[in-house]
Amino acid sequence: MNCSNNKKIQILDKGHIQLINHMGSDWTPEETARISTGLEESERTDSQRVVLTRYLMRHKHTSPFEFISATFEVKAPIMVLRQWHRHRMQSYNEESGRYKQLEPDYYLPEENRICTQSKSNHQGTNFSEQSQFSEYYRNIWKVEQDQAEKLYESAINDGLANEIARINMPVSHYSTMRVTANLLNWFRFCQLREDGHAQFEIREYAKAIHTVLSELFPECTKAYEDYWLNSITLSAKERGELKKLLLLTESIDSTNYVNYLEKIVNNNTGDHWTKRERTEFIEKLKAL
Ligand SMILES: Cc1cc2nc3c(=O)[nH]c(=O)nc-3n(C[C@H](O)[C@H](O)[C@H](O)COP(=O)(O)OP(=O)(O)OC[C@H]3O[C@@H](n4cnc5c(N)ncnc54)[C@H](O)[C@@H]3O)c2cc1C
């Protein structure tokens, strides 16, 4: 199915993502899951569909989300694609430097991206401190990229095979691929690569993919954001500490604090905050 909203979204200085096509709709996981219960499509309201979609995500009943897929064209620096290709549950086809002369596009970061090494995250950047050498390195990188491109072009013009002429291409060089995955694996990708621990450059791509997914599949994406991306899991230790804190804060004993919390939860209703979900929440609180 071709999409009407498949515009190129610019990323970094010369990159982009572009939705090529997708399969399925926001209701596909719900329709797929209904095979279990056999309820006719005409018997379901939109609200019931949303509630089931959210139930599936909440209970990690994830296989129905695998029935949606989306394909993107991605133009990104090789260093980004190298990280991207670690996601084995996606399928790729990348342009070949063996067949064709590659475009003369290189990633040159903005000066304010050229910051110092983070002290707390060993593989990260301290974005609050731009390096005093940012301008210097940016200029040198530009010169090196121009030189690499000139050498590449002269090797091609001298008749060298494409596959060997590209030998000194830096990881800043842009490459283009098509990538396809099901929605579950797109969510996995977004969760890992939008996170602050991922490198800035791939984060920009993951954010754009997330935006497209939320336009195409708003209810599924909302369920992912609520029950997966923005949810938290407590360790056994954390659970114990939270219980102590709750008892302390409310100055009530453990026999009636669940009743107290139950009252709060049941008084708090809202969009799709169903009785079932409230009951599940109370069960979690009881387990503290
Ligand atoms: C911040 C960050 C830093 C990283 N640093 C490094 C690094 O320094 N070096 C490095 O090499 N990698 C690094 N990675 C890559 C990382 O280890 C994963 O390979 C990558 O994030 C893909 O995740 P994934 O395996 O969940 O995804 P996918 O490969 O798409 O797999 C999706 C899911 O399928 C299942 N699956 C896939 N393959 C297998 C399998 N063989 N066995 C069992 N289950 C499988 C798992 O449930 C997995 O979560 C980093 C990733 C991040 C996000």
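Residues that are part of a strand (DSSP E or B), surrounded by 11 or more Cβ atoms within 10 Å (Cβ to Cβ) and of a type in the set (D, E, K, R) do occur in segment 122-131, at least one of them. The set of residues from segment 20-33 being under 25 Å from GLY270 (Cβ atoms) and in contact with an Asp or Glu (Cβ under 9 Å, 6 or more places away or on another chain) comprises ASP26, TRP27, PRO29, GLU30. Within segment 160-174, the set of residues being assigned to a helix (DSSP H, G or I) and surrounded by 13 or more Cβ atoms within 10 Å (Cβ to Cβ) comprises ASN162, ALA165. Among the residues of segment 9-20, those identified as open to solvent by 50 Å² or more (accessible area, probe 1.4 Å) and either of a type in the set (Asp, Glu) or out of contact with any helix residue (DSSP H, G or I) (no Cβ under 8 Å at 6 or more places or on another chain) (or both) are GLN10, ASP13, LYS14.
Evaluating PHE65 against the criteria (1) surrounded by fewer than 18 Cβ atoms within 10 Å (Cβ to Cβ); (2) closer than 24 Å to GLU280 by Cβ; (3) within 16 Å of the ligand (Cβ to nearest atom) leaves one unmet condition, (1).
Quick grid of which residues meet (1) closer than 30 Å to PHE200 by Cα; (2) exposed (fewer than 14 other Cβ atoms within 10 Å of the Cβ); (3) among the charged types (D, E, K, R):
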{"position": "THR28", "(1), (2), (3)": "no, no, no"}
{"position": "THR32", "(1), (2), (3)": "no, no, no"}
{"position": "SER36", "(1), (2), (3)": "no, yes, no"}
{"position": "GLU41", "(1), (2), (3)": "no, yes, yes"}
{"position": "GLN48", "(1), (2), (3)": "no, yes, no"}
{"position": "ALA70", "(1), (2), (3)": "yes, no, no"}
{"position": "MET79", "(1), (2), (3)": "yes, no, no"}
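Please enumerate the residues belonging to segment 147-159 that are open to solvent by less than 70 Å² (accessible area, probe 1.4 Å) and within 16 Å of VAL171 (Cα to Cα). ALA148, GLU149, TYR152, listed by residue number.
Checking each residue in segment 185-229 for being aliphatic (A, V, I, L, M) and either under 16 Å from LEU81 (Cα atoms) or in contact with a Lys or Arg (Cβ under 9 Å, 6 or more places away or on another chain) (or both) picks out LEU192, ALA198, ILE202, ALA206, ALA208, ILE209, ALA223. If you check ASN162 against the conditions, is it farther than 24 Å from ARG86 by Cβ and in contact (Cβ under 8 Å) with a residue 24 or more places away in the chain? It is true that ASN162 is farther than 24 Å from ARG86 by Cβ and in contact (Cβ under 8 Å) with a residue 24 or more places away in the chain. Report whether or not GLN83 is over 24 Å from MET177 (Cα atoms) and open to solvent by 40 Å² or more (accessible area, probe 1.4 Å). So GLN83 fails the test.
Counting only helices (runs of 4 or more DSSP H) that sit wholly inside segment 1-112, those with at least 1 residues that are of a type in the set (Val, Ile, Thr) and under 20 Å from the mean Cα position of the chain (by Cα) are 46-58, 78-84.
For ASN93, the conditions (1) within 16 Å of the ligand (Cβ to nearest atom); (2) open to solvent by 100 Å² or more (accessible area, probe 1.4 Å); (3) not acidic (Asp, Glu) are fulfilled apart from (1).
Among residues of segment 183-208 that are near the ligand (Cβ under 8 Å from one of its atoms), those with a Cβ under 8 angstrom from a residue that is among the basic types (Lys, Arg) and part of a helix (DSSP H, G or I), sequence gap 6+ or separate chain, pair up as ARG193/ARG203; ASP195/ARG203. Answer yes or no as to whether LEU108 is away from the ligand (no atom under 16 Å from the Cβ), under 21 Å from SER214 (Cβ atoms), at pLDDT 95 or above and of a type in the set (A, V, I, L, M). In short, no.
Inside segment 170-182, can you point out the residues that are aliphatic (A, V, I, L, M) and in contact with an Asp or Glu (Cβ under 7 Å, 6 or more places away or on another chain)? Within segment 170-182, just MET177 meets the criteria.
The values are calculated or read from the model by the stated rules, or taken from the named source; none is laboratory data. Note that this is a predicted model, so its numbers are computed, not measured. Glycine also receives a Cβ, built like all others from the backbone with ideal geometry; neighbour counts cover every protein chain displayed. These accessible areas exclude ligands, DNA and RNA; they are computed on the full protein's heavy atoms, side chains included. Shrake-Rupley method; radii C 1.70, N 1.55, O 1.52, S 1.80 Å.
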